[in-house]
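Working notes for the structure below.
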Amino acid sequence: VKERALEKNALEDAKHGKHKKLPLEEKKDEKGKDEANVPLPPPAFAPPDGWEGKIRVTNELAGQTLYGRQGEALGVGEDEVHLVLEEDWRNKGDRKAWVNKEWITKVRGDEKVWRWPQLSMTRDVKLQMLYEAGLYTLDLDYIDQNGDVEVISEKSIKEDGIDTQTLVLGWALLRVVFNGKSMNELDSVRFTHPSMSYSLISHQQNEHGNKDLEKVFLIPVPAGGHWTLLVLDLRKDVPFDRQVRYYETLEIPSDLSKESAELLLASLLSLGIIDEKFLDRPSLERNNGVVRQKKGSNQCGIFVLAYMEQEVAEAMGYGPAAIGWPWVAAQNRVGKMRKLGEQLQVERNKRIQDLKKLDEKDKKNGEKMRLEREKVAELAGKMMAEHKKLNKMQEDAWKLVNEGGALRVDELPSAYLKAKAKIELDGIGVCGKRRYSSGCMECNVWKCTAYWMRKEGKRLGRTTPYEYTMAAQIAAGKDEKKKDEKDDKKDG
């Protein structure tokens, strides 16, 4: 009873802005016991009027010990709220704190802080990740050009930061985590591939942009070897001043990155993806309050991954600041991406070995079919000399052997027709997965056809027309590279 009476007096003091400490916050008593570490009971009295429900600390200015934590109001002062905080596995700080009113946000009762789950992925999910990051292709002739998986650690990040593939893989990992082990798109969030960011910055229009606007769009901004994150939040219930968020972790913000982000917004406006009211928006200011990467470090891309995780967690119903202190989350992401990179590199090596075995099988089968065809053609020649009638198989064999019948596109299997139809239906023509602006076999009809012509040529022991051979594609690739370099100089 005495303890409750003391707490009631403290609550009355708090209502009048007096920050008097509660008994549990006082120093050691005469017996030398430290009562500050005693677990706190729930608030003894109802929260002040207008301050009912859960409250979360969502401003980085509150510092690492408070950011992302939540609880209930115990008292209200003129500028601050006295919170009794829930236990937090990420932070073992004090359970009671006075927090500036500008640093807090009311959250729903069912919104919990985000915690990374235990995760295991199937081989199919890993394969899909490799496809999306442009690290794997069925075309064995091109496999070496896709490169290895980037396996990062805190000390191994290159001077110019992480590769684009790591950002793409980071997004794929978030989808798996929030979807429950599947690679389906998230309902509320979309990701813009960094290669499309380059295109938008250069004002190259993308006719197939996503027109479903009531989502959160995550757009990594590449500029001068530095990554920042532009977030476009077009959900109906989001205030106008929160629809554009920009994350920049350099101590001194990069003018080039900011200019690139502004150009992205201008391109989105020209494409009709955002409204003209965005022209009235003030200049971009970074959304992260105090979190910065270490001076001289190259971890900007890791922080982009951490803020992407924070944005996804909020959009998926965990509320703001759900991942906790972003700097800690960024360091944790290094470990997760290192582990993912190691797993995907192992999976990639296995898949390549599988492809090589299939390729050898196709070659052996093709050689066998070629020899059989030559025998049938030889027999057909003798029959023709004796003026005997040939059946269709004998006629076809004789023509292929003696007239040099190269493989024709209309002889390709139904699997090719399905792949070609998908590309024509999507109408992509160019994708961000590969190194070339003309796309890959999954988004470019000509490259898709060339792959199937070479594959079937091996399997059937048939000649592949020159325009579909690797020699022709290498020559085309050189011309394409020269064109890209010429365009870069022109843009520069």
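The values are calculated or read from the model by the stated rules, or taken from the named source; none is laboratory data. Keep in mind the model is a prediction, meaning the values are calculated, not measured. Here Cβ is always computed from backbone atoms with ideal geometry, including for glycine, and neighbour counts include all displayed protein chains. Side chains included, ligands, DNA and RNA excluded: accessible areas come from the protein's heavy atoms. Shrake-Rupley method; radii C 1.70, N 1.55, O 1.52, S 1.80 Å.
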Q) Checking F178 against (1) assigned to a loop (DSSP other than H, G, I, E, B); (2) at pLDDT 80 or above; (3) open to solvent by 10 Å² or more (accessible area, probe 1.4 Å), which single condition isn't satisfied? A) (1)
Q. Can we say W452 is out of contact with any Cys (no Cβ under 7 Å at 6 or more places or on another chain), modelled with pLDDT under 90 and aromatic (F, W, Y)?
A. no
Q.
If I filter the range 115-151 down to residues being open to solvent by 70 Å² or more (accessible area, probe 1.4 Å) and among the acidic types (D, E), which single residue comes out as farthest from the chain's Cα centre (by Cα)?
A. D144
Q) How about the range 44-100: which strands (runs of 3 or more DSSP E) wholly inside it have at least 1 residues that are within 23 Å of I323 (Cα to Cα) and open to solvent by 30 Å² or more (accessible area, probe 1.4 Å)? A) 54-57, 70-76, 96-100
(Q) Cβ-Cβ distance below 7 Å, separation of 6 or more or different chains: which pairs start in the range 184-196 with a residue that is modelled with pLDDT of 85 or more and end on one that is open to solvent by less than 30 Å² (accessible area, probe 1.4 Å) and assigned to a loop (DSSP other than H, G, I, E, B)? (A) S188/K215; V189/K215; R190/K215
Q) What are the residues in the range 216-273 that are modelled with pLDDT under 90 and part of a loop (DSSP other than H, G, I, E, B), if any? A) G224, G225, L234, R235, K236, D237, V238, P239, Q243, L271, G272, I273
Q | Matching residues in the range 439-448 - criterion: being assigned to a helix (DSSP H, G or I) and open to solvent by 10 Å² or more (accessible area, probe 1.4 Å) | A | V445, W446, K447
Q.
I want to confirm something. Restricting to the range 415-438 and keeping residues that are at pLDDT 80 or above and among the charged types (D, E, K, R), which single residue is surrounded by the fewest Cβ atoms within 10 Å (Cβ to Cβ)?
A. K418
Q.
Against the condition in a loop (DSSP other than H, G, I, E, B), open to solvent by 10 Å² or more (accessible area, probe 1.4 Å) and closer than 26 Å to W89 by Cβ, how does E154 come out, does it pass?
A. yes
Q | Of all residues making up the range 458-492, the number that are farther than 15 Å from C448 by Cα, among the small types (G, A, S) and either modelled with pLDDT of 80 or more or not in a helix (DSSP H, G or I) (or both) | A | 3
Q) Are there any pairs, at least 6 apart or on different chains, whose C-beta atoms fall under 8 Å, with the first in the range 278-304 and open to solvent by less than 60 Å² (accessible area, probe 1.4 Å) and the second basic (K, R) and at pLDDT below 90, and if so, which? A) N298/K158
Q: Could you check how many residues of the range 244-257 are more than 17 Å from Q293 (Cα to Cα) and open to solvent by less than 70 Å² (accessible area, probe 1.4 Å)?
A: 2
